[in-house]
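Report on the following structure.
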Amino acid sequence: MNGKKSIELRSIGLLGCSRGRLSRAAVRTFLFWIAALIIGCMCATSQTPQATTPVVPKKAEEQFKNIQTLKGIPADQLIPAMQFITASLGVECEFCHVQGAFEKDDKQAKKTARKMMDMMFAINKDNFDGHREVTCYSCHRGSTDPVATPAVMTEEPKPGAGEAKKPEEDAAEKAPSGPAADQLFDKYLKAVGGAAAVEKVTSRVMKGTITFGDKNLPIEIYSKDPDKRVSFTHMPEGDSITAFDGHEGWLGLPKRPVREMHGPDIDAASMDADLHFPAHLREMFSKLEVRGIEKVGDHDAYLVVGRREGKTPLRLYLDEQSGLLVRLVRFGETPLGRLPTQIDYADYRDVGGVKIPFRWTLARPGGKFTIQISDVKENVPVDDAKFAKPPAPPEETKGPAK
């Protein structure tokens, strides 16, 4: 995507971010998007709470108009699927859709997109036993036109590049290297202060700023055990709010209806809400794999891939020297592919015997933001009312037709 383009989801008001100067409306809509993604200090709970009453989710065609190729998917998966397309092709919603009338088929690009999705599904069905090995991004790589011709060499090849590897070399690359995952998790827990210190934390109140582009806004984050968390981004029009009460999650913007969290949002929110993440980390996974050392900025870090039953995997990068978590990558599942979210942690400081990051940067295909904390208080009273979902606004009474 070039510097002038942005990814927008105006159909539901989730995203409105363009590089450079942002209008007040753009700030508001962008914050509604990032509200679903804001990461706390050390986050994660091992299970998503189960609803007491089974709820049959709506299908996409029951909630949206003129759904054809994606019939049958849950309605809350349609927008993530559209996000996956915008990220894969580097386009805006208006590339395929008519602004203000998204159900219309007036644009050829929308018809082509349907054919391409059908082709992708067929390729995976016929060649990969239905597993999603090929996605939009496999060919497009951020461009509307797939690259069909290999690029010419612009740099000298590295020593050994292009040479066939010996079987033993290939096997050595695939073999796990470094300490076992359990040892790395133990080192991480010790580095942040140890299990006893972590488990003593019952609440945490953080204040700081959130930065995206050239905009800086104040933010407050309240966490309370067990599994409650809410953030308030203070804007001129009012607060952008992201909240999770241990069971439900919701997002709100000034003068807009509350939006319920679903699917990946709930998973992320439940991860954010655990104050004891370093102590709970090991029990989250059904399978762990250490994949050697990778660079995270100037740091060497061990990459641990954790598999979770019924959920997408997590990729954790633990600093080789300090043992601290310096990067976390998680994935949101969509019908077309997985959308990655990368969180880089930095500026660890001791607060009451526990080290927490005072800065974290969250990046997705559509943009990124950084939160810098300036003040932290732990084990202070936090009213449960802060995590309560506001009641729905009363419906306006319509007058007689004229």
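The values are calculated or read from the model by the stated rules, or taken from the named source; none is laboratory data. This is a predicted model, so every value here is computed, not measured. When we count neighbours, we look across all protein chains shown, and the Cβ atoms used for this are built from the backbone with ideal geometry, even at glycine. Only protein heavy atoms, including side chains, enter the accessible area calculation; ligands, DNA and RNA are left aside. Shrake-Rupley method; radii C 1.70, N 1.55, O 1.52, S 1.80 Å.
Taking the criterion of being over 12 Å from the mean Cα position of the chain (by Cα) and more than 19 Å from residue 289 (Cα to Cα), the residues of the stretch 309-333 that qualify are 321, 322. Note on the stretch 247-283: residues that are part of a helix (DSSP H, G or I) and under 18 Å from the mean Cα position of the chain (by Cα) amount to 10. So residue 136 fits all but one of (1) among the hydrophobic types (A, V, I, L, M, F, W, C); (2) modelled with pLDDT of 90 or more; (3) within 19 Å of residue 316 (Cα to Cα); what number is the exception? Against the list (1) among the hydrophobic types (A, V, I, L, M, F, W, C); (2) modelled with pLDDT of 90 or more; (3) within 19 Å of residue 316 (Cα to Cα), residue 136 comes up short only on (3). Out of 276, 299, one residue alone is in contact with an Asp or Glu (Cβ under 8 Å, 6 or more places away or on another chain) and either at pLDDT below 85 or open to solvent by less than 30 Å² (accessible area, probe 1.4 Å) (or both). It is 276. Residues considered: 307, 327, 315. Of these, the only one that is free of Cβ contacts under 8 Å to residues at least 40 places away in the same chain, buried (at least 21 other Cβ atoms within 10 Å of the Cβ) and not β-branched (Val, Ile, Thr) is 327. Residues in the stretch 340-379 that are among the aliphatic types (A, V, I, L, M) and within 11 Å of the chain's Cα centre (by Cα) were compared, and the one that is nearest to residue 87 (Cα to Cα) is 363.
Look through the stretch 354-382, keep the residues that are part of a loop (DSSP other than H, G, I, E, B) and at pLDDT below 95, and return whichever of them is surrounded by the most Cβ atoms within 10 Å (Cβ to Cβ).
366
Listed conditions (1) touching a Lys or Arg at 6+ places or on another chain (Cβ under 7 Å); (2) under 17 Å from residue 179 (Cα atoms) are all met by residue 246, apart from (2). Residues that are within 11 Å of residue 229 (Cα to Cα) and not polar (S, T, N, Q) within the stretch 251-270 comprise just one, 269.
Within the stretch 239-260, residues that are closer than 16 Å to residue 273 by Cβ and touching a residue at least 40 places away in the same chain (Cβ under 8 Å) reach partners that are open to solvent by less than 30 Å² (accessible area, probe 1.4 Å) and basic (Lys, Arg) with beta carbons closer than 7 Å, at six or more positions or on different chains, in the pairs 244/229.
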